[in-house]
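Written out below as structure tokens is the structure these notes cover.
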Amino acid sequence: MAPKSMDSPSPAPIEPKSRPPAPVPVPAGASAGPQPPSVPPGSAGSEKRPDGSVRPDDGDGPGMSAASTGQNREAGAGARGTEFGEDEVLKGQPPSRFRKTAVLLVVLGVAATGIFLFANPQTGMPASGKKASTLPPASGKPIPAAAAAAAASASSPSPGVFPGGTAPKIAPGATVGADARAVPAIPVSGPDPAAGGVPAKSSPPAAPESPKTPLARARQTLELFLAAPDWRKRLEYSLNPGSLREPMAAHFQNHPDGPVPVEGISLFTDETVPGSTRQLFGFRVRVKDFPADIPTAVEETSEGFRVDWQSFQETYEQRLRAFFETPGTEPGKFRVVLRRRHYFGPAVPGQDSVRQCFSVESPMRDESWFVWADLKNPAYQTKIAAKGAAEWDVESFMAVELVWSGDEKTGRWVTLKDVTADNWQMR
């Protein structure tokens, strides 16, 4: 800028200020780069004014600065007695069109490069920035990167170019979406076991290990006993098979045969066979649609563990319940839980004076029935009363013989005729 004319009534001329570099407007969010150096007056890229002063050209052409600021530098200087500095003259000036265009081109170029790399992972790094090692195949197992690259090169002449203008087929099971990858089908030699094929070579299944502990061997024997397809196979896992063959064959002539529908097995006792050192395990077998578990004894023998089939079959067929639901039926021997009880039902001839009331439960212990013991019966005196089984709140696990008594006129009741064993093994 040149000093004011001497003809002006203004004060003495003031030396012009040095022109600092003009600040470059920075868009929001962008970092400010280095500022361009100031352009000295009269140098290339400057504009000469009519009064002889020189204004640097900002690349937008002559006259842009005055138009953008809307101020007359001459008039303003005469009114205030000084002139504006360069930073005040350029304040509020919009960024040049050239800079706007350059920034827009850079942004579009970066965006186009990112889209190209994302859509063509074979030409660069994947979106995650990590080197791709596997691609999702149809089988669900990872394919090595080398195999995938070889298959891709065989089906496409160059990365991102489809032969004949068609895209390669997506492997079955591949993901469709932003992360989907075009995986050419890779031929697999031999049958696919996952698709139902049979391998060329198959090793026979390994034989199950023999249980090492007595408890494990006893449980395995019980499982084989319950899963037996018929009574002949079940006989192999039963106690005393020699003496049991004929009774089992006769029984299953008019009773259903086959495996037992088991839902669970649990241990409830671990003892020894009375009078020996052989082990005896008691298991509870949960059978489908049964009201309670069935206690089952598995006893150790010289040939291994064997199951008490007679005890199991009696409870499995619920014979005690069938006896009480059919008055007048033949006498029967049953494994029961015996306990003294109060009775408040229909009168029984000689109750309390001649007969003592007890209750019996099946081994499942799901329900109980009343029975009467004759106080003069030797079985009652020696096998019940003498052993304390007639006391209140005493439970005795024994095998008893029951018989229906009375008639339609006097009423019917069940008499405890004998105690055949003081255990459920009936020894």
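The values are calculated or read from the model by the stated rules, or taken from the named source; none is laboratory data. Owing to the predicted nature of the structure, the values given are computational and were not obtained by experimental measurement. Here Cβ is always computed from backbone atoms with ideal geometry, including for glycine, and neighbour counts include all displayed protein chains.
Val260 meets the conditions (1) assigned to a loop (DSSP other than H, G, I, E, B); (2) out of contact with any strand residue (DSSP E or B) (no Cβ under 8 Å at 6 or more places or on another chain) in every case but one. The failed one is (2).
Could you check, for the range 393-413, whether at least one of its residues is buried (at least 19 other Cβ atoms within 10 Å of the Cβ) and either more than 30 Å from Leu226 (Cβ to Cβ) or among the aromatic types (Phe, Trp, Tyr) (or both)? Working first, answer last.
Of the range 393-413, the ones buried (at least 19 other Cβ atoms within 10 Å of the Cβ) are 396, 398-400, 402, 413.
Narrowing the set further to residues that are either more than 30 Å from Leu226 (Cβ to Cβ) or among the aromatic types (Phe, Trp, Tyr) (or both) leaves 413.
Yes: the range 393-413 contains one or more residues that are buried (at least 19 other Cβ atoms within 10 Å of the Cβ) and either more than 30 Å from Leu226 (Cβ to Cβ) or among the aromatic types (Phe, Trp, Tyr) (or both).
Might you check whether a residue that is within 33 Å of the chain's Cα centre (by Cα), more than 20 Å from Met426 (Cβ to Cβ), buried (at least 16 other Cβ atoms within 10 Å of the Cβ) and modelled with pLDDT of 95 or more occurs anywhere in the range 228-237? No, that holds for no residue.
Being of a type in the set (S, T, N, Q), in contact (Cβ under 8 Å) with a residue 24 or more places away in the chain and within 30 Å of Val403 (Cβ to Cβ) is a condition met by no residue of the range 279-295. Could we say that Asp374 is farther than 30 Å from Val298 by Cα and acidic (Asp, Glu) here? Considered against the rule, which asks whether it is farther than 30 Å from Val298 by Cα and acidic (Asp, Glu), Asp374 comes out as yes.
Of everything listed in (1) crowded, with 16+ Cβ neighbours inside 10 Å; (2) within 30 Å of Trp309 (Cα to Cα), the single unmet condition for Thr382 is (1).
Taking the criterion of being of a type in the set (Ser, Thr, Tyr), surrounded by 16 or more Cβ atoms within 10 Å (Cβ to Cβ) and either more than 13 Å from Ala218 (Cα to Cα) or in contact with a Phe, Trp or Tyr (Cβ under 7 Å, 6 or more places away or on another chain) (or both), would at least one residue in the range 239-258 satisfy it? Show your work before the answer.
Within the range 239-258, the subset of a type in the set (Ser, Thr, Tyr) is 243.
Those left that are additionally surrounded by 16 or more Cβ atoms within 10 Å (Cβ to Cβ): none.
No; the residues of the range 239-258 include none that is of a type in the set (Ser, Thr, Tyr), surrounded by 16 or more Cβ atoms within 10 Å (Cβ to Cβ) and either more than 13 Å from Ala218 (Cα to Cα) or in contact with a Phe, Trp or Tyr (Cβ under 7 Å, 6 or more places away or on another chain) (or both).
Can you give me the ranges of the strands (runs of 3 or more DSSP E) entirely in the range 263-370 with at least 2 residues that are more than 45 Å from the chain's Cα centre (by Cα) and buried (at least 16 other Cβ atoms within 10 Å of the Cβ)? Quick ask: steps written out before the conclusion?
Details: elements: 279-287, 294-301, 304-307, 332-340, 355-361.
Output list reads 332-340, 355-361.
Listed by first and then second residue, the pairs linking a residue in the range 95-115 that is at pLDDT below 80 to a residue that is among the aliphatic types (A, V, I, L, M) and assigned to a helix (DSSP H, G or I), with Cβ atoms under 6 Å apart and 6 or more places separating them unless they lie on different chains, form an empty list.
Kindly indicate whether any position in the range 330-350 is under 30 Å from Asn240 (Cβ atoms), of a type outside the set (Gly, Ala, Ser) and out of contact with any strand residue (DSSP E or B) (no Cβ under 7 Å at 6 or more places or on another chain). Among the residues of the range 330-350, at least one is under 30 Å from Asn240 (Cβ atoms), of a type outside the set (Gly, Ala, Ser) and out of contact with any strand residue (DSSP E or B) (no Cβ under 7 Å at 6 or more places or on another chain), which makes the answer yes. Restricting the first member to the range 374-389 and to residues that are within 18 Å of Gly350 (Cβ to Cβ), and the second to residues that are basic (Lys, Arg), the beta-carbon pairs closer than 9 Å and six or more apart or on different chains are Asp374/Arg355; Asp374/Lys417; Leu375/Arg355; Asn377/Lys417; Ala379/Lys417.
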